[in-house]
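Just so you know, all these numbers are worked out from the coordinates, no wet-lab data involved. Given the structure is predicted, the values throughout are model-derived calculations rather than measurements. Cβ atoms come from the backbone with ideal geometry, glycine included; neighbour counts cover every protein chain shown.
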Amino acid sequence: MPAVLLVLLVVGVALVTAVLQSLGLMPLVGTPALSVDGYTSAWPDLFSSIQVSVAIAAVSTVLAAIVGVAAALAVAAGSRSVLGAGTITVPVPHLVGAATIGLLLADSGLLARLFGIDGAQSLGLVGGRWWVAVIAEYTWKESAFIALVVGGTLASRVTRYDETAALLGAGRTARFRWVTLPLIAPSVVAASAITFTYALGSYEVALLLGRPYPEPMAVMAVRLFRSIDLTARPEAAAVAVVTSALSLLAIGVALASLRRLAVWR
């Protein structure tokens with residue numbers, strides 16, 4: 001509880017400050033006055049940023065969940081190589097991961113050199129239209145996190161039920177569908193919610209590996225916050241508030257999904 005209270009205090013003060021700045025009640029210059037100009041001024045670009053951010057976060061979360069669950073099942077089956085790869089991946093910072101993916105997938109990166117692809121044949125994986133490098137980095141990093149969470153559930157709860165189902169004659173597919181998947185579903189949903197909210201608000205990966213326009217919300221917020229035009233600060237705060245609201249919405253959806261699961265109840 002003391003740790004939770006400290007976190008709530010810090011996050012609460014930051015959110016309240018962002019809301020007040022977005023509404024013009026804490027301006028850096030000028031007289032405080034209630035206004036939604038920060039939202040209306042940022043809205044044309046903000047709408048595109050919301051679409052890009054949600055798409056990147058959703059695709060990355062789905063892919064990371066699939067890879068993470070597969071890795072957790074492989075580790076539970078005794079695969080030491082997958083366990084070692086996940087153990088190495090988890091402590092790697094996202095900034096280092098972004099640099100690594102950039103060196104791997106860039107037009108003159110390692111893969112292009114290995115396969116002899118010149119610049120004219122490049123697919124534009126880094127800074128391209130489809131944000132492939134950004135999604136690849138989130139998938140790689142967050143799949144290890146999801147595998148760690150799901151692996152803990154597999155080790156603590158699933159094994160004995162799976163063995164019981166096998167003794168009763170259930171095949172591998174039936175055991176996965178009716179035993180393993182329902183038991184790991186709460187862990188998958190919770191870890192996926194964390195992955196989605198992180199990808200939604202992450203800044204460095206999208207900045208290093210993404211295209212300049214449209215910007216994800218985090219990149220847009222930082223750009224406006226660092227602007228030499230101090231009157232752009234309400235727009236930066238408005239983007240931050242919208243990002244926080246979408247994150248809270250995602251968490252609410254995840255909690256509602258957890259309550260519908262029989263294992264959670």
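Hey, can you list the DSSP H helices of the chain whose Cα span along the axis is 20 Å or longer and whose average Kyte-Doolittle score is at least 1.0?
2-22, 37-76, 132-153, 181-201, 233-260
Quick check: from the Cα gyration tensor, does the chain come out rounded (a/c under 1.5), prolate or oblate? Before the final figure, lay out the partial values.
Working: a/c = 2.65, a/b = 1.43, b/c = 1.85.
Oblate.
I'd like the trypsin sites (Lys or Arg not before Pro) in the stretch 112-156 restricted to DSSP loop residues with at most 14 other Cβ atoms within 10 Å, sorted by number.
Answer in residue order: R129.
How about the stretch 77-164: which GluC sites (Glu not before Pro) there lie in a loop by DSSP and see at most 14 other Cβ atoms within 10 Å?
none
Quick check on packing: order 24-35, 48-59 by the mean number of other C-beta atoms within 10 Å, highest mean leading.
48-59, 24-35
Semi-axes of the equivalent ellipsoid for the stretch 54-156, please: Cα gyration tensor eigenvalues, times 5, square-rooted, ordered largest first, whole Å.
Equivalent ellipsoid semi-axes, largest first: 28, 15, 11 Å.
For the stretch 2-58 and the stretch 60-83, what is the centre-to-centre distance using only Cα atoms, to the nearest Å?
36 Å
Sequence gap at least 6, Cα distance under 8 Å: using those rules, report the relative contact order of the chain to the nearest whole percent.
30 percent
Please report V7, V263, V222, V150 as a ranked list, fewest other C-beta atoms within 10 angstrom at the top and most at the bottom. Could you put the intermediate results ahead of the total?
Working: V7 10, V263 13, V222 17, V150 27.
Sorted ascending by nearby Cβ count, the order is V7, V263, V222, V150.
Take the alpha carbon atoms of the stretch 192-208, find their center, do the same for the stretch 103-159, and report the distance between the two centers in whole angstrom.
Answer, in whole Å: 14.
Can you give the relative contact order of the stretch 54-177 as a percent, counting alpha carbon pairs under 8 Å and 6+ residues apart?
39 percent.
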